Amino acid sequence: MKAGFRKHDGEVNTAHCEAEEKYNLFIKPKASIREAISSQTTQYKAEYLARLKWSLECIKFILHQGLAFRGHDEGKDSKNKGNFRELLQWMAGNFEEVNKVVLGNAPQNCQMIDHKIQKQLISSCAHETTKFVIEELGDECFAILADESSDAYQQEQLALCLRFVNKIGEPVERFLGLAQVEDTTSLTLKEAIQTLLMKYQLPISKVRGQGYDGASNMKGHVNGLKKLIMEDSPSAYYVHCFAHQLQLTLVAVAKENIDCKWFFGHLAYLLNVLGMSCKKIRMLRVAQAEYMIEALKLGEIEAGQGLNQEMGLARLGDTRWGSHYKTVMHVMSLYPSIRKVLFRLGKESNSAEALGAQTMLEVFKSFEFAFMLHLMNEIFGYTSDLSNALQKRDQDIVNAVDLLEFTKVQLQVLREDDGWKEFLKNVTSFCVKHNVRCVDMDGKYKPIQRARAFYKNAMNYHRFHADMFLGVIDRQLQELNNRFDEVNTELLRCMASFSPAKSFSSFNIDDLVKLAGFYPHDFDFEEMHQLPFQLNLYITDVRNDENFTNLRSLAELSMMLVRTGRALRYDIVYKLLKLVLVLPVATAGVERVFSSMNYIKNKLRSKMGQKYLNGCLVTFIENDFFLQVKDEDIITHFQSIKDRKVIL
C-alpha cells in the first residue's frame, strides 16, 4: 500500500507534485516561489501601488473627457508625448509625492505607462462601470434598442442599449456595448446581440421590447430581426422608432408635394448662392449687423444678454429634418439681410454669381416664397415639439401617443377657417413689413419660375388656400396616420388605460387584464386571477391620495408608487406597469452612442481596436456610473487579467 502511494507521488516533476504545488499556490498565493525569490519589500509594493494609482488617475481623467491617449511621437525628446504621458509628466512636475514614484524615479521595467497597461486599465474601468449597469438592472425584464452605423474606419458597428425600470421606478436607457459586424443581415445582427447579452449573462428570454428603425432587415415580418428575437421571446414587442417615423413623414411631404419641392429646391439654391465662399458669408454677417443696428434705433427689437445672436444658414439634410426647420427659421429672421446681399451680388457685372443672385432675388421677394416659408415654419414648428419630446430619455409610449394625437389636433385646427385667416394675416403682415408685393386672392394666379401653361385660369385663392395650405397640411396628417400604425394596435390601446392624466380618467380594468394576457410568461394563473381585485384596490387608493393628483406620465406614476410603498402593496399592478414602461419610444439613445463614437473614434484615431473603442465608449457614455467606480475595484480587476510582477 505504501509502495503504491510512493509510486503515485513519483519524482518532483510528476503530475501529482505539480498538482500539489498548484493547489498550495491557490490556497496561499503569496507563498509562491515567484513571490519568495523576488526582492519585493513592503516599500516596493507601496511604490508600485502608488505608481499604478497615478497612472489610473490620468486614465480616468482622459476617459472622462473622451480624449486620445497616445501622441504621434512619445520619445524622450518629443515636445508633445500625447495626453497620457504629458498629464503624468505635469503631475510629476507639480506634486512631489507623484514625482517620487513615476517616470524617471520608477524602475525601467515597471513604469506603468506602456500602451498595453493603458488598455488593460481602460478595460478594467469599463468592466467595473458595466457592473453598475447590470446591478441596476438586477433581475428585471428589459427592452433592447439597436442600430448600426459605420465608424471613421468604415467598419460596420452595432450599438446595443437596454431600457428597463430601475429600483426607484424610473425608466432608464443604458449603453451595454458595441459590436463590429461583417454585414447588416438580420441573422448577423441577432448573433451580435445574443453575444453581447450572453457576455453579461442576460437571457434573451427576458427581452420584453424591441426598438429599431424601419429598415427591412430590422422590421421584416418574415426574416427581420424583430421576428428572430420574438421566436426566442414572444413578448418582445417591436415598436418602430417614433422619431424616425416622424422624420419619414416630413421628408415624404417635402418630396411628394410639388409646391414643397419647388420651395425646398429654391431654398437649396439660395444656400448655394450665399454659402459658396467666405466673402458671401461675410457680406451676410455685415448686412445682418447693419439691420440690427437700424432696428435697435427704431425700437423694433430689444437689446439684452442672449438676444439678437448671430445666425447662419445651415445646409438641408434629408436624414435630419431638424436642419430644415432651423434653416427656415433663420431665413425668416434674416430675410431683409439676405435680400440686401442678393441685390448687392446681382449688381456685379459679367459674373455667373450675379446671374444666380438675380434669379434667386426674383423668387425670394415673391409672395409665393414668403407664403411657403411661413407654411413650412408652421408645420415644422408643431412637429418640432413632438420630436423633442419623443427623444427624452424618460418618455413612455402612452405619453408619446398622446403627444402625437395632440400634434394632429393642432394641425387640424390650423387647417380650419380661423387658422387660415390668422395664417394669411401673418404672411401679409410680413410682406408689408419687408416690401413684398401681396397678391389679390380673387385675382388670377401668376406662377414664379414655373410655366404659366400648367396653371391656366387658376385663381390665387384656390392655389394658395387649397393647393398649398390645405394640400400640405392634409398630406402631413395623412402621413402621420399611415406611418404611426402601431398607435391603433390593441396592445397600445390597452396600455393607455394606465395613464394617470386627469385623475386616471382613462383607467379601464378590462383593458389592463387584457394587457396582462399579452405577457403570458410573466403572470401565472394565480396572478391573473388576483389582478382584477388588485386593480380595484389600486385605483381607489391612488385616486384618494393627493400625491397622485398632478401626475402626467407613466414614469411619474411608477416613481410615485415606489416612493409611497405602493409598488410592494400592488406588486402585480406594478409588474404590469413596468412592462409598459419598458417598451421603447425612440432610438435616440442609440443615436447618441454613434455621436459619441464619432467623437472618440475620429479620423486621427480611426484604427482603434474594438475592445479599446468599447472601453472608451462605455466609460464616456455611462459617465455617472464611471465616476462612482472605486479605484480599488479597478485595480483588483486589473491584477486579475494576468499574472503581475507584484501581487497586491
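The values are calculated or read from the model by the stated rules, or taken from the named source; none is laboratory data. Predicted, not measured: the structure shown is a model, and the values here were computed from it. Here the Cβ is made from the backbone with ideal geometry for all residues, glycine too, and neighbour counts use every protein chain on show.
Do we find a residue being of a type in the set (Phe, Trp, Tyr) and more than 29 Å from the chain's Cα centre (by Cα) anywhere in region 571-592?
Going residue by residue through region 571-592, those that are of a type in the set (Phe, Trp, Tyr) are 574.
From what's left, more than 29 Å from the chain's Cα centre (by Cα): none.
Scanning region 571-592 turns up no residue that is of a type in the set (Phe, Trp, Tyr) and more than 29 Å from the chain's Cα centre (by Cα).
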query = Looking only at residues in region 105-130 that are free of Cβ contacts under 8 Å to residues at least 40 places away in the same chain and among the charged types (D, E, K, R), which one is surrounded by the fewest Cβ atoms within 10 Å (Cβ to Cβ)?
reply = 116
ask   = Which residue pairs have Cβ atoms under 8 Å apart, sit 6 or more places apart or on different chains, and have a first residue in region 248-267 that is over 18 Å from residue 464 (Cα atoms) and in the same structural domain as residue 470 (by TED's automatic domain parsing) and a second that is surrounded by fewer than 15 Cβ atoms within 10 Å (Cβ to Cβ) and acidic (Asp, Glu)?
value = 251/318
ask   = Considering only residues of region 146-173 that are part of a strand (DSSP E or B) and aliphatic (A, V, I, L, M), which is farthest from residue 606 (Cα to Cα)?
value = 165
note = Counting only residues that are exposed (fewer than 12 other Cβ atoms within 10 Å of the Cβ) and touching a residue at least 60 places away in the same chain (Cβ under 8 Å), region 514-534 contains a total of 1
request  = Read through the list (1) touching a Leu at 6+ places or on another chain (Cβ under 9 Å); (2) part of a helix (DSSP H, G or I); (3) at pLDDT 80 or above, then give the number of the only condition that residue 176 fails.
outcome  = (2)
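Only one of 235, 323 is at pLDDT 80 or above and within 30 Å of residue 163 (Cα to Cα); which?
Numbers: 323 fails: at pLDDT 80 or above.
Of the residues listed, the single one that is at pLDDT 80 or above and within 30 Å of residue 163 (Cα to Cα) is 235.
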key: residue 116 of a type in the set (Lys, Arg) and in a loop (DSSP other than H, G, I, E, B)   = no
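Identify all residues within region 447-474 that are assigned to a helix (DSSP H, G or I), of a type in the set (Lys, Arg) and touching a residue at least 12 places away in the same chain (Cβ under 8 Å); write none if there are none.
Kept after step one, since they are assigned to a helix (DSSP H, G or I), are these residues of region 447-474: 452-455, 460-474.
Next cut, of a type in the set (Lys, Arg) only: 452, 463.
Hit for region 447-474 is 463, nothing else.
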key: Inter-residue pairs, beta-carbon under 7 Å, first within 13 Å of residue 532 (Cβ to Cβ) and in the same structural domain as residue 547 (by TED's automatic domain parsing) and in region 487-513, second β-branched (Val, Ile, Thr) and surrounded by 16 or more Cβ atoms within 10 Å (Cβ to Cβ), 6+ apart   = 507/539
key: Among the candidates 537, 568, 551, 557, residue that is surrounded by 15 or more Cβ atoms within 10 Å (Cβ to Cβ), outside the structural domain of residue 235 (by TED's automatic domain parsing) and at pLDDT 90 or above   = 557
key: Index of the failed condition, residue 611 passing every other in (1) part of a helix (DSSP H, G or I); (2) free of Cβ contacts under 8 Å to residues at least 40 places away in the same chain; (3) of a type in the set (Lys, Arg)   = (2)
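Looking at 159, 143, 152, 126 in this structure, which one is over 23 Å from residue 580 (Cβ atoms) and under 18 Å from the mean Cα position of the chain (by Cα)? So that I can check it myself, show each step before the final result.
Numbers: 143 fails: over 23 Å from residue 580 (Cβ atoms); 152 fails: under 18 Å from the mean Cα position of the chain (by Cα); 126 fails: under 18 Å from the mean Cα position of the chain (by Cα).
Only one candidate passes the filter, namely 159.
Restricting to region 390-403, and then to whatever is buried (at least 20 other Cβ atoms within 10 Å of the Cβ) and assigned to a helix (DSSP H, G or I), can you tell me which residue is nearest to the chain's Cα centre (by Cα)?
Among those residues, the one meeting the criterion is 390.
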message = Contact list please: Cβ distance under 6 Å, first residue in region 624-635 and among the polar types (S, T, N, Q), second residue surrounded by 19 or more Cβ atoms within 10 Å (Cβ to Cβ) and in a helix (DSSP H, G or I), pairs at least six apart or on different chains.
response = none
note = Cβ pairs under 8 Å, 6+ apart or interchain, first in region 77-90 and under 16 Å from residue 104 (Cβ atoms) and at pLDDT 85 or above, second surrounded by 16 or more Cβ atoms within 10 Å (Cβ to Cβ) and among the polar types (S, T, N, Q), ordered by first then second residue, are 81/89; 88/55
ask   = Which one of these is in contact (Cβ under 8 Å) with a residue 12 or more places away in the chain and either outside any helix (DSSP H, G or I) or outside the structural domain of residue 366 (by TED's automatic domain parsing) (or both): 274, 228?
value = 228
key: Subset of region 559-579 (residues that are within 19 Å of residue 395 (Cβ to Cβ) and of a type in the set (D, E, K, R))   = 578
